[in-house]
Each structure stands twice: as structure tokens, then as C-alpha cells.
Amino acid sequence: MLALAALLLPVAAWAADPQIASLVDNPDPVAAGGPYTYTVGIDNSAIDDATNTRLSFNVPSGAVFVSAAPASQNCALQVGSSTTVLCNLGTLRGSRADVRSIVLTWRATVAGPAVLTARAALTADNDGNLVNNIQDATTTVIDGNHRLIKRFR
């Protein structure tokens, strides 16, 4: 009888495990006033699909957001913020069958030398492992004036 009761109980669902697999800046260092990118690699290593997956990407003051690609990743500046980009990724298929790569372009506005620290944070409704959802990257900003002077000589 106990075995029959166990069969009738709902089986717990597997959890998804979306993760930030990589975060790379380019170039590093970047000249003050110059453009640079962060490429964020995202996947889901668990069996279940990750639902309502979202990426929040923050660069503190010292840089301005220029663009995000591809457009299919639904990235835009957070309303009321000039430093946080939100990407609504939707469903991320499990078993690493749906690897995403998002390229976020920024322009360094702070004078060099300086260091900017960016933070990528990933969430999903059914994420069972929060340990691998945040990554930071530092980008060094150098004085860009010497490059401009050489260009105009």
C-alpha cells in the first residue's frame, strides 16, 4: 500500500541551473573616451529549462551604455538608470542546448587612470543553484589624450 501511495504523490521537478559561463572585456585597457565591450556567455547546465531568465548588467558611473547585440536578447537600460542594462532572455533550454552570447558596448567617460568594475547577475524563476549567477569584470581606463595628439600630428 505504501508503494502505491508513493506513486500517487507528485514527483518533485528538477531545477534549472542558468549560469554566467564567461564574462570578457575588450579592449582592456581602454583609452578614456573610447568604446569597449563586455561579452557575456550564458547557458543552462541542468536538464530543465530555465524560465523567465533575466540578466542584469551594471557598470558604475564612469561609462555610458552604447548598445547590446543581438537584438533578440531584449536588452535595454533599466528605467531610471544610466548604469544598469536589463536583458529579458525568456526560456533558456537545459543541458547546454541554448548557449547565449550577449555583447554590451560601453564608452569610458572617466579620465584615466581608473578602474571600472562591471557586474553581471542572472536570475530565473526556477534556478536551483544561485552560486554561479554573478560575475564581475574589471576594466582599466587609461589616459586617452596621447593617442588623440598623435592622430592629429
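The values are calculated or read from the model by the stated rules, or taken from the named source; none is laboratory data. Since the structure is predicted, the reported quantities are computational estimates derived from the model, not experimental observations. Every residue, glycine among them, receives a Cβ derived from its backbone with ideal geometry; neighbour counts consider all protein chains shown. We work out accessible area using only protein heavy atoms, side chains counted, and drop any ligands, DNA or RNA first. Shrake-Rupley method; radii C 1.70, N 1.55, O 1.52, S 1.80 Å.
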* Limited to the range 65-75, what total is found for residues that are in a strand (DSSP E or B), surrounded by fewer than 16 Cβ atoms within 10 Å (Cβ to Cβ) and not hydroxyl-bearing (Ser, Thr, Tyr)? -> 2
* Does any residue of the range 127-141 turn out to be among the polar types (S, T, N, Q), open to solvent by less than 30 Å² (accessible area, probe 1.4 Å) and not in a loop (DSSP other than H, G, I, E, B)? -> yes
* Asked: Is it true that Gln78 is open to solvent by less than 70 Å² (accessible area, probe 1.4 Å), of a type outside the set (Lys, Arg), over 13 Å from Thr139 (Cα atoms) and modelled with pLDDT of 95 or more?
  -> no
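Can you tell me which residue among Pro70, Pro60 is under 19 Å from Leu23 (Cα atoms), out of contact with any helix residue (DSSP H, G or I) (no Cβ under 6 Å at 6 or more places or on another chain) and at pLDDT below 95? Give the steps one after another, and end with the answer.
On the way: Pro70 fails: at pLDDT below 95.
Answer to the selection: Pro60.
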* To do: State whether one or more residues within the range 96-119 are buried (at least 21 other Cβ atoms within 10 Å of the Cβ) and of a type in the set (Asp, Glu).
  => no
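Going through the range 84-95 one residue at a time, which ones are within 20 Å of Val24 (Cα to Cα) and open to solvent by 30 Å² or more (accessible area, probe 1.4 Å)?
Start the filter on the range 84-95 by keeping residues that are within 20 Å of Val24 (Cα to Cα), which leaves 84-87, 89.
Listed by number, the list holds a single entry, Leu86.
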* strands (runs of 3 or more DSSP E) contained entirely in the range 12-64, each with at least 3 residues that are open to solvent by less than 10 Å² (accessible area, probe 1.4 Å) -> 35-44, 50-58
